[in-house]
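Enquirer: Here it is, the structure in full.
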Amino acid sequence: MPHDHGPDNSFDNMPARVKALETLLVEKGLVDPAAIDAIIETYAHKVGPRNGAAVVARAWTETDFADWLRRDATAAIASMGFTGRQGEHMEAVFNGPDVHNLVVCTLCSCYPWTVLGLPPVWYKSPPYRSRAVRDPRGVLAEFGVGLPEGKPIRVWDSTAELRYLVVPERPAGTEGWDAARLADIVTRDSMIGTALVAAPGDAP
Amino acid sequence: MNGPHDLGGRMGFGPVVPEPEDVIFHGDWEARALGLTLACGALGHWTIDESRHARESLPPATYLSASYYEIWIRALEALLERHGEVSAAERASGKLEAPGLRPERCLRPERVPAVLAAGGPTDRRVPVPAAFAVGDRVRTRNLQPEGHTRLPGFAREKTGVVEAVRGGFVYPDTNAHGAGEMPCWLYTVAFRGPDLWGADTDPALTVSIDAWEPYLERA
């Protein structure tokens with residue numbers, strides 16, 4: 001049977017399968033390996049959650065910027081130099097005493113690359129995608145987050161090309177901190193909504 | 001399509017396993033898979049909607065047992081085959097049988113920063129006024145196409161409230177199949193948790209989707 005020798009069975013391990021495809025594409029002149037290196041370099045070292053942390057810290061310290069972020073997140077974020085693929089249309093959603101926001105993509109892996117980089121494995125995997133919309137409190141508990149009972153939770157399913165950035169609550173005890181110091185305590189997960197930003201001195 | 005990707009509300013997948021922020025790739029092959037997928041996108045044979053549809057069209061057992069980069073690579077193989085660039089026979093033998101169709105579109109390293117920074121905006125002008133306004137009660141239609149759609153199954157035939165009118169956007173249901181961008185109005189529609197998941201659901205839960213106008217009717 002041809003299927004026994006088909007491509008699905010030729011490469012049981014993904015490293016060999018990816019390498020074989022890259023080799024064919026390079027030989028056909030369709031892919032330049034140096035471009036792949038440049039793409040990897042971009043997302044390994046340049047575009048990541050430190051971008052988002054800078055946006056959040058600025059929103060915490062500049063009221064005008066926070067207002068702009070609420071009104072037109074795409075423009076406000078672009079003004080800090082964060083533009084491009086999977087961040088073309090941005091929305092910022094603000095946590096507060098009356099709401100905790102959580103972002104998911106139940107249908108695939110949509111994620112705001114320009115501010116958070118590449119999504120973590122769990123964000124793309126069935127456990128999170130299936131339960132975030134139905135049992136967000138249970139999901140949050142697995143991240144060690146317990147919200148006050150009755151606190152409203154808002155889940156944003158990224159079903160279109162809008163990409164959502166959660167602006168977490170600024171913790172008490174950070175009064176007088178500048179934006180750079182604040183950015184250091186803003187975690188990736190807090191900008192997805194699966195963590196809170198801990199007050200300084202709190203156990204993580 | 002009612003595919004394996006439509007995971008909202010499914011049960012039995014176990015706990016979420018968090019991961020440290022500094023873990024980006026699990027092995028070099030994941031990094032190469034990312035780069036290959038983006039570089040091949042630059043050839044211009046397919047849209048992001050067609051690539052999503054290629055991923056969700058994998059056999060369900062494959063989709064649900066594969067890591068996400070494996071899903072990407074399997075879908076990339078399907079897309080390259082569909083568009084005549086790399087045949088199954090070439091993948092099996094590792095030997096070229098035909099030259100590439102679009103070598104002139106090959107992404108060069110010096111263009112990578114500009115291409116990634118430009119992205120691919122999908123907002124478009126829609127020549128007709130929006131049918132719904134903020135605050136309108138709407139009901140999602142019972143749409144179960146065999147092709148691509150971005151209306152998740154859990155939000156089908158549900159009543160919610162229009163929370164934002166986002167403007168006109170490329171319609172994935174047609175664009176994924178080469179049938180044109182057909183831009184439509186896009187709305188953020190919010191649903192009460194109990195309306196989605198039953199009366200014993202946390203009443204403090206609200207879930208929203210972003211829905212194109214053809215997905216909606218007035219409630």
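The values are calculated or read from the model by the stated rules, or taken from the named source; none is laboratory data. Note that the structure is predicted; figures quoted are calculated from it, not measured. Here the Cβ is made from the backbone with ideal geometry for all residues, glycine too, and neighbour counts use every protein chain on show. Calculation scope for accessible area: heavy atoms of the full protein, side chains included, ligands and nucleic acids excluded. Shrake-Rupley method; radii C 1.70, N 1.55, O 1.52, S 1.80 Å.
Enquirer: Residues in segment B:43-54: is at least one at the interface with another protein chain (Cβ under 7 Å from one of its Cβ atoms) and either crowded, with 18+ Cβ neighbours inside 10 Å or in contact with a strand residue (DSSP E or B) (Cβ under 7 Å, 6 or more places away or on another chain) (or both)? Let's see the steps before the verdict.
Expert: Of the residues in segment B:43-54, the ones at the interface with another protein chain (Cβ under 7 Å from one of its Cβ atoms) are B:43, B:52.
The next check asks that each one be either crowded, with 18+ Cβ neighbours inside 10 Å or in contact with a strand residue (DSSP E or B) (Cβ under 7 Å, 6 or more places away or on another chain) (or both); those that pass are B:43, B:52.
Yes, the conditions are met somewhere in segment B:43-54.
Enquirer: So is B:ASP123 touching a residue at least 12 places away in the same chain (Cβ under 8 Å), acidic (Asp, Glu) and within 12 Å of chain A (Cβ to nearest Cβ) or not?
Expert: Criteria met by B:ASP123.
Enquirer: Output yes when any residue across segment A:141-148 is at the interface with chain B (Cβ under 8 Å from one of its Cβ atoms) and at pLDDT 95 or above, and no when none is. Write out each step before concluding.
Expert: Of all residues in segment A:141-148, those at the interface with chain B (Cβ under 8 Å from one of its Cβ atoms) come to A:142-143.
Pick out the ones that are also at pLDDT 95 or above and you get A:142-143.
Taking every residue of segment A:141-148 in turn, at least one turns out to be at the interface with chain B (Cβ under 8 Å from one of its Cβ atoms) and at pLDDT 95 or above.
Enquirer: What number of residues within segment B:103-123 are part of a loop (DSSP other than H, G, I, E, B) and surrounded by 15 or more Cβ atoms within 10 Å (Cβ to Cβ)?
Expert: Residues of segment B:103-123 that are part of a loop (DSSP other than H, G, I, E, B), as a first pass: B:106, B:108, B:119-122.
Filter once more, keeping what is surrounded by 15 or more Cβ atoms within 10 Å (Cβ to Cβ): B:106, B:119, B:122.
Total satisfying the criteria: 3.
Enquirer: Being touching a helix residue (DSSP H, G or I) at 6+ places or on another chain (Cβ under 7 Å) and of a type outside the set (S, T, N, Q) is the filter here; which residues of segment A:53-65 pass it?
Expert: The first filter runs over segment A:53-65 and keeps only residues touching a helix residue (DSSP H, G or I) at 6+ places or on another chain (Cβ under 7 Å), leaving A:53-61, A:65.
Of everything in segment A:53-65, those that are touching a helix residue (DSSP H, G or I) at 6+ places or on another chain (Cβ under 7 Å) and of a type outside the set (S, T, N, Q) turn out to be A:ALA53, A:ALA54, A:VAL55, A:VAL56, A:ALA57, A:ARG58, A:ALA59, A:TRP60, A:PHE65.
Enquirer: Pick out the one residue from A:GLY150, A:GLY117 that is at positive phi and within 17 Å of the chain's Cα centre (by Cα). Lay out the reasoning, then the answer.
Expert: Numbers: A:GLY150 fails: within 17 Å of the chain's Cα centre (by Cα).
Testing whether each residue is at positive phi and within 17 Å of the chain's Cα centre (by Cα) leaves just A:GLY117.
A quick yes/no check of all residues on (1) over 18 Å from B:ARG10 (Cα atoms); (2) assigned to a loop (DSSP other than H, G, I, E, B); (3) in the same structural domain as B:TRP46 (by TED's automatic domain parsing); (4) in contact with an Asp or Glu (Cβ under 9 Å, 6 or more places away or on another chain):
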| position | (1), (2), (3), (4) |
| --- | --- |
| B:ASN142 | yes, yes, no, yes |
| B:LEU151 | no, yes, no, yes |
| B:ALA164 | yes, no, no, yes |
| B:LEU186 | yes, no, no, yes |
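Enquirer: Any residue at all in segment A:66-83 that is in a loop (DSSP other than H, G, I, E, B), crowded, with 20+ Cβ neighbours inside 10 Å and touching a helix residue (DSSP H, G or I) at 6+ places or on another chain (Cβ under 7 Å)? Walk me through it before giving the result.
Expert: We begin by selecting, within segment A:66-83, every residue in a loop (DSSP other than H, G, I, E, B); these are A:72, A:79-83.
From the residues that got through so far, the ones that are crowded, with 20+ Cβ neighbours inside 10 Å too are A:82.
Those still in the list that are touching a helix residue (DSSP H, G or I) at 6+ places or on another chain (Cβ under 7 Å) too: A:82.
Yes, segment A:66-83 has at least one match.
Enquirer: What about B:SER67, is it more than 28 Å from B:VAL170 (Cβ to Cβ) and either open to solvent by less than 60 Å² (accessible area, probe 1.4 Å) or facing chain A (nearest Cβ under 7 Å) (or both)? Show your work before the answer.
Expert: Numbers: more than 28 Å from B:VAL170 (Cβ to Cβ): yes; either open to solvent by less than 60 Å² (accessible area, probe 1.4 Å) or facing chain A (nearest Cβ under 7 Å) (or both): yes.
Answer is yes for this residue.
Enquirer: Please list, ordered by first then second residue, the pairs with beta carbon atoms under 8 Å, 6 or more apart or interchain, first in segment A:152-167 and facing chain B (nearest Cβ under 10 Å) and open to solvent by less than 10 Å² (accessible area, probe 1.4 Å), second of a type in the set (Val, Ile, Thr) and not in a strand (DSSP E or B).
Expert: Within 8 Å, the pairs are A:VAL155/A:VAL133; A:ASP157/A:THR106; A:ASP157/A:VAL133; A:THR159/A:THR106.
Enquirer: Could you list all residues from segment B:15-48 that are free of Cβ contacts under 8 Å to residues at least 40 places away in the same chain, in contact with a Phe, Trp or Tyr (Cβ under 6 Å, 6 or more places away or on another chain) and assigned to a helix (DSSP H, G or I)?
Expert: Across segment B:15-48, the qualifying residues are B:GLU30, B:ALA31, B:THR37.
Enquirer: Does any residue in segment B:1-14 that is at negative phi and at pLDDT 95 or above come within less than 9 Å, Cβ to Cβ, of a residue that is open to solvent by 30 Å² or more (accessible area, probe 1.4 Å) and aromatic (Phe, Trp, Tyr) six or more places away or on a different chain, and which pairs are these?
Expert: These pairs meet every condition: B:LEU7/B:PHE13.
Enquirer: Can you tell me which residue is nearest to B:PRO4 (Cα to Cα) among those in segment B:124-158 that are open to solvent by less than 20 Å² (accessible area, probe 1.4 Å) and of a type in the set (S, T, N, Q)?
Expert: Per the criteria, the residue is B:THR149.
Enquirer: Follow-up question, since we're still on this one. Give just the number: which of (1) in contact with a Pro (Cβ under 8 Å, 6 or more places away or on another chain); (2) at the interface with chain A (Cβ under 8 Å from one of its Cβ atoms) does B:LEU107 not satisfy?
Expert: So the condition that B:LEU107 fails would be (1).
Enquirer: If you don't mind, there's one more thing I want to ask. Counting only residues that are within 9 Å of chain B (Cβ to nearest Cβ) and either part of a helix (DSSP H, G or I) or over 16 Å from B:PRO20 (Cβ atoms) (or both), how many does segment A:47-57 have?
Expert: Kept after step one, since they are within 9 Å of chain B (Cβ to nearest Cβ), are these residues of segment A:47-57: A:47-49.
Subsequent filtering for residues that are either part of a helix (DSSP H, G or I) or over 16 Å from B:PRO20 (Cβ atoms) (or both) retains A:47, A:49.
Residues that pass the stated criteria total 2.
Enquirer: Failed condition for A:GLY138, given (1) free of Cβ contacts under 8 Å to residues at least 12 places away in the same chain; (2) open to solvent by less than 40 Å² (accessible area, probe 1.4 Å); (3) assigned to a loop (DSSP other than H, G, I, E, B), with all others met?
Expert: For A:GLY138, the failing item is (3).
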